[in-house]
1. Every residue in the range 32-55 that is more than 18 Å from the chain's Cα centre (by Cα) and over 15 Å from Glu100 (Cα atoms), please.
2. Tell me, yes or no, whether the range 146-167 has at least one residue that is within 30 Å of Pro219 (Cα to Cα), touching a residue at least 24 places away in the same chain (Cβ under 8 Å), crowded, with 22+ Cβ neighbours inside 10 Å and not polar (S, T, N, Q).
3. Could we say that Ala54 is out of contact with any Pro (no Cβ under 7 Å at 6 or more places or on another chain), surrounded by 13 or more Cβ atoms within 10 Å (Cβ to Cβ), assigned by TED's automatic domain parsing to the domain that holds Asp93 and within 18 Å of Asn179 (Cα to Cα) here?
4. Of all residues in the range 72-94, count the ones that are buried (at least 18 other Cβ atoms within 10 Å of the Cβ) and either in contact (Cβ under 8 Å) with a residue 24 or more places away in the chain or hydroxyl-bearing (Ser, Thr, Tyr) (or both).
5. Would you mention how many residues in the range 129-138 are touching a residue at least 60 places away in the same chain (Cβ under 8 Å) and surrounded by fewer than 19 Cβ atoms within 10 Å (Cβ to Cβ)?
6. For the structure I just gave you, tell me whether Leu73 is hydrophobic (A, V, I, L, M, F, W, C), in a helix (DSSP H, G or I) and touching a strand residue (DSSP E or B) at 6+ places or on another chain (Cβ under 6 Å).
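The values are calculated or read from the model by the stated rules, or taken from the named source; none is laboratory data. Because the structure is predicted, anything quoted here is derived from the model rather than measured. Because the Cβ atoms are built from the backbone with ideal geometry, glycine has one as well, and the counts that use them run over all protein chains shown.
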Amino acid sequence: MTPRAISGPPVEPVPVPAAVARLAGGDEIVPVWRNELGGVTFRLDGADGRVRYAKWIAAGRPGIDLEGEAARLAWAHGRVPVPRVLEQGRDADGSWLVTEAVPGRSAVDPRWVAEPATAAAAIGRGLRLLHDALPVDECPFDWGVEHRLARKGCCDPDLLAPPPIDRLVVCHGDACAPNTLLHDDGTFAAHVDLGSLGVADRWADLAVAAWSTEWNFGPGHEDAVHAGYGIAPDPVRIAYYRRLWDAT
């Protein structure tokens with residue numbers, strides 16, 4: 001199995017879309033992240049100290065649904081630590097989502113790359129909090145196997161018979177290391193990038209969260225994720241959900 005391309009801070013100049021310039025007003029615009037699908041996140045720094053984040057995706061690029069992410073964030077906000085939605089919209093050039101800044105640094109900030117065991121454990125604890133706090137019966141979003149396979153038109157025979165569900169939870173949907181924020185003391189702070197949030201087996205999150213520590217920190221930190229969550233590794237479910245991640 002091959003992990004998806006790793007997202008990261010832009011390494012080349014990033015043009016500022018007109019909509020982002022309008023949203024910023026007089027605030028400083030700083031590109032801070034580009035994902036593998038072409039979406040860019042800008043930090044909007046106000047002179048009064050106010051900080052917002054604007055996610056942007058150009059029209060015609062599939063795979064990122066900012067309207068859906070706004071709905072998921074709005075549903076989760078107040079139940080778990082996630083950014084508050086300030087604005088979402090689209091025009092002929094693309095779509096955008098503006099959120100309030102939340103305290104914390106990404107688990108792949110240089111501060112935490114230098115302390116990967118601490119970051120990995122916080123990722124696990126953050127997932128456990130999310131899985132325990134969000135009510136499955138009230139969640140209107142699906143991230144189950146059938147939904148994911150149907151969305152991609154995938155008919156891989158190895159994916160059509162998933163292992164029995166261990167525990168049905170509301171999953172993050174993209175629980176890779178960059179999407180967990182940590183406080184400066186190493187404790188979990190918040191989740192970001194919840195565009196795929198939905199109901200699924202908890203191993204759909206856990207398998208990928210632990211896997212992503214290898215991409216971002218190097219080998220040897222998967223067990224810290226499991227320990228932070230409070231669970232023993234499940235090799236069968238891990239293998240299945242990583243294959244599903246690759247396929248969808």
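1. Ala47, the sole residue that qualifies.
2. no
3. Here the answer is yes, as Ala54 does meet what is asked.
4. 9
5. Qualifying residue count for the region: 1.
6. yes
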